[in-house]
1. If I stretch the segment between residue 299 and residue 127 completely, what's the gain in nm (0.36 nm per residue apart, minus their alpha carbon distance), one decimal?
2. Any idea which of 158, 106, 81 is furthest toward the positive side of the dipole for the chain, if Lys and Arg beta-carbons carry +1 and Asp and Glu beta-carbons -1?
3. Pop the C-beta distance of residue 92 and residue 214 into the FRET formula with R0 = 51 Å and round what comes out to the nearest 0.05.
4. Can you tell me the dipole magnitude for region 243-304 around its Cα centre, using point charges on the Cβ only (Lys, Arg +1; Asp, Glu -1), in Debye to the nearest 20?
5. Farthest toward the dipole's positive end in region 215-258, which of 215, 238, 257, given Cβ charges of +1 (Lys, Arg) and -1 (Asp, Glu) about the Cα centre?
6. Could you work out, for region 139-215, what percent of all Cα-Cα pairs fall into each 5 Å distance bin, beginning at 0 Å and stopping at the bin that holds the largest distance?
7. Taking 7 Å along the Cα-to-C-beta vector as the label spot, tell me the residue 101-residue 83 distance in nanometres, rounded to one decimal.
8. Extending each Cα 7 Å along its Cβ direction at residue 193 and residue 270, get the distance between those two points in nm, one decimal.
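Here, each number is a calculation from the coordinates, and none is a lab measurement. Bear in mind that the values here come from a model prediction, so they are computed numbers and not experimental data. Heads up, the Cβs are rebuilt from the backbone with ideal geometry, glycines too, and the neighbour counts pull from every protein chain shown.
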Amino acid sequence: MVYSENVYYAIDSIANHWLTSDELNTFISKYPKSYFTPSQSKKVVVILAGNIPFAGFHDMLCVLLTGHRFLGKVSSKDGFLISAIAELLYEIDPEFKSLIELSEVTLHGFDAVIATGSDNSSRYFEYYFKNYPTIIRKHRNSIAVLQGTETDKELVQLSDDIFLYFGLGCRSVSLLLVPTGYDFKGLLKAFKTWQNLGTHNKYMNNYEFQKTMNLMNLIDHIDTDFMLLKQSDSIGSTVGVIHYREYENIQAVIKFIGDHQDELQCVVGDCKIIPNAIPFGTTQNPNIDEFADGIDTIEFLGRI
């Protein structure tokens with residue numbers, strides 16, 4: 001679901017968190033210079049997910065930084081956005097035309113593959129590309145840990161982590177871990193900052209369908225008129241639905257996170273209590289060195 005505000009947000013985040021000279025220089029300084037001057041440029045196929053605006057741009061950036069050719073299998077959902085970036089690069093330097101190739105069909109004659117998709121598609125990727133160096137990313141979700149002491153500002157920031165990009169990104173929070181007896185009033189008030197989603201037809205179609213299914217199946221839930229909040233142990237949730245799970249103590253939270261580490265992209269919360277947690281409101285603004293699934297793309301490309 002392409003939404004102009006989401007596109008503008010993604011552009012601003014990329015420009016300010018990745019594409020400043022300071023960020024880029026600091027980023028590449030962490031690696032051997034040989035990673036960026038390969039003796040032979042390789043053709044790297046990148047299969048783009050297309051679930052959020054500019055999905056795959058980070059991979060595109062890494063491929064070009066390491067001196068390789070970017071062969072992008074674009075998604076029909078947002079392929080035009082990646083194409084627009086390519087056109088801008090051509091204007092900056094026409095030599096980029098020999099380094100970038102975009103297509104909606106499978107590309108051939110490549111040396112390595114970076115693919116992002118669902119758990120099902122990842123199994124296909126693993127079989128189909130078994131003879132090539134690969135990074136294959138599976139489906140992940142993000143969670144937030146609430147303690148009941150969060151400020152109104154933090155709860156509004158959490159709503160951004162949940163609703164930006166309609167909750168479709170792997171960095172979108174889909175499950176809330178809350179203490180037993182948690183009072184949702186403050187959180188529901190914060191959610192109202194996103195009630196304009198009620199004007200988006202496709203989003204609301206999802207919400208209405210999920211509402212109907214929950215009512216028909218007599219499933220307890222909280223209805224805000226544009227999203228549903230329901231108790232579930234499932235980390236992933238559908239568009240228009242947020243899950244929550246109660247916990248008795250922080251030790252139980254840390255165990256839950258450890259048991260589901262391979263399913264998680266981000267954990268939002270107080271890093272003083274939750275190891276490696278990131279602050280509220282930051283999931284959709286990753287730093288340039290925050291690699292998806294924790295797999296260092298530069299390290300991979302520098303060694304192929």
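1. Full extension from residue 299 to residue 127 adds 59.6 nm.
2. My answer, from the dipole projection, is 106.
3. Computed FRET efficiency for residue 92 and residue 214: 0.50.
4. 120
5. About the Cα centre, the residue reaching furthest to the positive side is 257.
6. Cα pair-distance distribution for region 139-215, in percent: 3, 14, 21, 24, 23, 12, 3, 0.
7. Once both label points are built, they end up 1.8 nm from each other.
8. The modelled label-to-label distance comes out at 2.0 nm.
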